[in-house]
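Visitor: Before anything else, here's the structure in question.
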Amino acid sequence: MTREKVELPPFQALIDAHWRDVARLARAMAGPVDGDDAAQRAWEKAYAAYPALTSAKNLRSWLLTITARCATDVHRARKPQRPLDEAPPVTVEGPDAAAWPDPDLWRAVNELPERQRFAVTLKYVGDLDHHGVAAALDTTPAASRRLVSDALATLRSKLGVDDD
Amino acid sequence: MTDLESRLTRLAMPDLEPPVLPDADVAYTLHDTPIGTMLLAIAHGRVVASSFGDEETMTTRLARAVSPRVLRQARPLDDVRRQLDEYLAGSRQTFDLEVDLALATPFQRLVLTDLPTHTSYGATTTYGTVAADIDKPKAARAVGTALGANPVCVVLPCHRVVGANGALTGYAGGLDAKRFLLNLEAKS
């Protein structure tokens, strides 16, 4: 059986267009230190899998999904196994979180339960829609909507903003 | 979008680093030379491009013809750059490089492959002579077109081929570049 030839763009074009998004998303999901590790691993996996892709569509979501999986793996490898929603929040380690732009928001995002933090960062830092978030988290769009809305409610109360 | 949502969208972080990947299937670099910026590319140890074409066009062609794993990496091209610089400084007459004409059509390959043996440093030949050399004596015009599409410029010396009346005719890097190369070879 011959596979239809897919005309994939040069991999460098993907890096140039998306490496910042991948790096930001990985850090937002897994924290600054694990995040950089996760982003690097995500690129290695993407590079290895690239020639076998059967479609050149939605390459950005493909990359962000790999990033989300790597961020989950790297982050989870660091702590004892427990059910997802009981997972402890990441603490901002490494570079001083206070030195980053919008440190209050950073701290609040980092203190969210894991699934909520993943969903809200995929949605806003990754700029994915709920289908994209759901695909990256192996869940449904409805569940993604719920996670994001819970996360926003928690962030609003933590940050003392009321902008509904 | 609420204020909180837009703050999340802009969530910025300092000191982001691009990824580091293993040696590419196709490594390329942009190299500044006296005749303009050239895109040099290597695949499996063979030069696949030495071109005046723009980065997007050339890397897209390489992705299709060789492998989509095309990366900007200077190190695999160190030797190519060194030899090219030596040639352009007049201190090298032949290239010790393997070439892969993956970007060329079968006819272009026929014209380009033996160009280093059909031409010699410091001398020019004509489209008609090259056509005769490849046993296509009536194909002078097609030879000109094939030379104009040379993906491995300078290394495969299409600049040594000129019109029957001695006119420079044309060059992918511009006539000034062709003149520069012929002058360089004439005086070195």
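The values are calculated or read from the model by the stated rules, or taken from the named source; none is laboratory data. None of the values given here were measured: they were computed from a predicted structure. Reconstructed Cβ throughout: ideal geometry from the backbone, glycine too, with neighbour counts over all protein chains shown.
Visitor: Just give me the residues in region A:4-28 being more than 9 Å from every other protein chain (Cβ to nearest Cβ), closer than 28 Å to residue A:120 by Cα and surrounded by fewer than 17 Cβ atoms within 10 Å (Cβ to Cβ), in sequence order.
Guide: Across region A:4-28, the qualifying residue is only A:17.
Visitor: Which members of region B:29-67 meet the condition of being of a type in the set (Lys, Arg) and touching a residue at least 12 places away in the same chain (Cβ under 8 Å)?
Guide: Listed by number, the residues that qualify are B:46, B:61.
Visitor: Please work out which residue is farthest from the other protein chains (Cβ to nearest Cβ), limiting yourself to region B:6-37 and to residues that are charged (D, E, K, R) and surrounded by fewer than 16 Cβ atoms within 10 Å (Cβ to Cβ). Let's see the steps before the verdict.
Guide: So in region B:6-37, the residues charged (D, E, K, R) come out as B:7, B:10, B:15, B:17, B:23, B:25, B:32.
With the extra rule that they be surrounded by fewer than 16 Cβ atoms within 10 Å (Cβ to Cβ), the set shrinks to B:10, B:15, B:17, B:23, B:32.
On the way: B:10: 8, B:15: 7, B:17: 7, B:23: 11, B:32: 19 Å.
For region B:6-37, the residue satisfying everything is B:32.
Visitor: Let me ask another. Counting only residues that are part of a strand (DSSP E or B) and not aliphatic (A, V, I, L, M), how many does region B:143-188 have?
Guide: Count: 1.
Visitor: Restricting attention to region A:119-132, which residues are part of a helix (DSSP H, G or I) and away from chain B (no Cβ under 13 Å)?
Guide: A:130, A:131, A:132 - these are the residues of region A:119-132 that are part of a helix (DSSP H, G or I) and away from chain B (no Cβ under 13 Å).
Visitor: Can you name the residue in region A:29-58 that is among the small types (Gly, Ala, Ser) and surrounded by 14 or more Cβ atoms within 10 Å (Cβ to Cβ) and, of all such residues, is farthest from the chain's Cα centre (by Cα)? Give the steps one after another, and end with the answer.
Guide: Looking only at region A:29-58, we keep the residues that are among the small types (Gly, Ala, Ser), and these are A:30-31, A:35, A:38-39, A:42, A:46, A:48-49, A:52, A:55-56.
From the residues that got through so far, the ones that are surrounded by 14 or more Cβ atoms within 10 Å (Cβ to Cβ) too are A:30-31, A:35, A:38-39, A:42, A:46.
Values: A:30: 8, A:31: 11, A:35: 9, A:38: 10, A:39: 10, A:42: 11, A:46: 15 Å.
Applying the filter and picking the extreme gives A:46.
Visitor: From A:139, A:91, which residue is away from chain B (no Cβ under 11 Å), surrounded by fewer than 19 Cβ atoms within 10 Å (Cβ to Cβ), modelled with pLDDT under 90 and part of a loop (DSSP other than H, G, I, E, B)?
Guide: Matching residue, one of A:139, A:91: A:91.
Visitor: Of everything in region B:38-52 that's surrounded by 14 or more Cβ atoms within 10 Å (Cβ to Cβ) and more than 11 Å from the chain's Cα centre (by Cα), which residue is farthest from the other protein chains (Cβ to nearest Cβ)?
Guide: Initial filter on region B:38-52 (surrounded by 14 or more Cβ atoms within 10 Å (Cβ to Cβ)): B:38-43, B:46-52.
Within this subset, residues satisfying the condition of being more than 11 Å from the chain's Cα centre (by Cα) are B:43, B:46.
Details: B:43: 12, B:46: 18 Å.
Applying the filter and picking the extreme gives B:46.
Let's see how each residue does on (1) farther than 24 Å from residue B:26 by Cα; (2) at pLDDT below 95:
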site	(1), (2)
A:3	no, yes
A:6	no, yes
A:14	no, no
A:18	no, no
A:33	yes, yes
A:48	no, no
A:56	no, yes
A:61	yes, yes
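Visitor: Pairs needed: first member in region A:42-53, more than 9 Å from chain B (Cβ to nearest Cβ); second member anywhere, surrounded by fewer than 17 Cβ atoms within 10 Å (Cβ to Cβ) and not β-branched (Val, Ile, Thr); C-beta distance under 7 Å; at least 6 residues apart or different chains.
Guide: Correct list of pairs: empty, since none qualify.
Visitor: If you check B:150, B:183, which single one turns out to be loosely packed, with under 15 Cβ neighbours inside 10 Å and modelled with pLDDT of 95 or more? Reasoning before the result, please.
Guide: Working: B:150 fails: loosely packed, with under 15 Cβ neighbours inside 10 Å.
Answer to the selection: B:183.
Visitor: Moving on to the next point. Does any residue of region B:69-80 turn out to be part of a loop (DSSP other than H, G, I, E, B) and within 10 Å of chain A (Cβ to nearest Cβ)?
Guide: yes
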